[in-house]
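The values are calculated or read from the model by the stated rules, or taken from the named source; none is laboratory data. All of these numbers come straight from a predicted model, not from anything done at the bench. Cβ placement follows ideal geometry from the backbone for every residue including glycine, while neighbour counts extend to all protein chains displayed.
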Amino acid sequence: MFSPLARLFTVPALTVATLLFASHAPAQARAYHAHGTAQFAPNQSDFTGSGNATHLGSYTEVGHVTFTGTGTPGVLAVNGWAHYTAANGHVLCAAISGTVNQQTGAIQGTATYIGGTGNFANASGSSALTGQMLGGGALTISALGSISY
């Protein structure tokens, strides 16, 4: 069937093809959970924080949000972004949207993952955000969802 020379080239060619196609397999969704704290800067739009998350380990974050009124008294819409720097230096980027209740301090929202660097260059997915304003611009936040990368 195959000559010895053809066999010599077929096995390495199949091995290379398998490795090439395996690296382009679609990313699988993985459970994601995070918990951290953050502090708003005096401008009340920029924030920094830290915490711990699956797939990131201990992380630090920087971000920016804007607040706009809603049709509900005392509830503000929140829109912005955050960059989470993982323990290994890779960055996960997220778009943030949600609400904050000015009377109770309750935070509800969504983080939508939109890439990053290193392991997270092609990240996607989203998490539900819940949190609490603590006064003085401090807050706690938790995320529960899924991520693909």
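Report every pair of residues separated by at least 6 positions or lying on different chains whose Cβ atoms are under 9 Å apart, first residue within the range 108-120 and closer than 15 Å to GLY63 by Cβ, second assigned to a helix (DSSP H, G or I) and modelled with pLDDT of 95 or more.
Correct list of pairs: TYR113/PHE120.
Can you tell me which of THR112, THR130, THR117 is under 11 Å from the mean Cα position of the chain (by Cα) and either surrounded by fewer than 17 Cβ atoms within 10 Å (Cβ to Cβ) or of a type in the set (S, T, N, Q) (or both)?
THR112
Among the residues of the range 125-147, which ones are farther than 16 Å from ALA34 by Cβ, assigned to a strand (DSSP E or B), among the small types (Gly, Ala, Ser) and at pLDDT 95 or above?
Quick first cut of the range 125-147, residues farther than 16 Å from ALA34 by Cβ only: 133-138.
Next, from what is left, pick out any that are assigned to a strand (DSSP E or B): 133-135, 138.
Next, only the ones that are among the small types (Gly, Ala, Ser) stay: 135, 138.
The answer is ALA138, and nothing else.
Mind checking whether some residue in the range 85-98 is closer than 14 Å to ALA27 by Cβ and either hydroxyl-bearing (Ser, Thr, Tyr) or touching a strand residue (DSSP E or B) at 6+ places or on another chain (Cβ under 9 Å) (or both)?
The answer is yes; a qualifying residue exists.
On the given criteria, is SER50 surrounded by fewer than 18 Cβ atoms within 10 Å (Cβ to Cβ), touching a strand residue (DSSP E or B) at 6+ places or on another chain (Cβ under 8 Å), polar (S, T, N, Q) and over 13 Å from ILE141 (Cβ atoms)?
Numbers: surrounded by fewer than 18 Cβ atoms within 10 Å (Cβ to Cβ): yes; touching a strand residue (DSSP E or B) at 6+ places or on another chain (Cβ under 8 Å): yes; polar (S, T, N, Q): yes; over 13 Å from ILE141 (Cβ atoms): no.
When the stated conditions are applied, SER50 does not pass them.
Among HIS83, HIS64, HIS90, which is within 23 Å of ALA121 (Cα to Cα) and touching a helix residue (DSSP H, G or I) at 6+ places or on another chain (Cβ under 7 Å)?
Matching residue, one of HIS83, HIS64, HIS90: HIS90.
Please name all residue pairs, on different chains or six or more residues apart, with Cβ atoms under 7 Å, provided the first residue is in the range 69-92 and is over 21 Å from MET133 (Cβ atoms) and surrounded by 15 or more Cβ atoms within 10 Å (Cβ to Cβ) and the second residue is of a type in the set (Gly, Ala, Ser) and at pLDDT 95 or above.
Close Cβ pairs satisfying both conditions: HIS83/GLY63; ALA86/GLY57; HIS90/GLY116; HIS90/GLY118; VAL91/GLY116; LEU92/ALA86; LEU92/GLY116; LEU92/ALA123.
Give the residues of the range 53-68 that are surrounded by 19 or more Cβ atoms within 10 Å (Cβ to Cβ), within 11 Å of HIS33 (Cα to Cα) and free of Cβ contacts under 8 Å to residues at least 40 places away in the same chain, sorted by residue number.
Correct list: LEU56 only.
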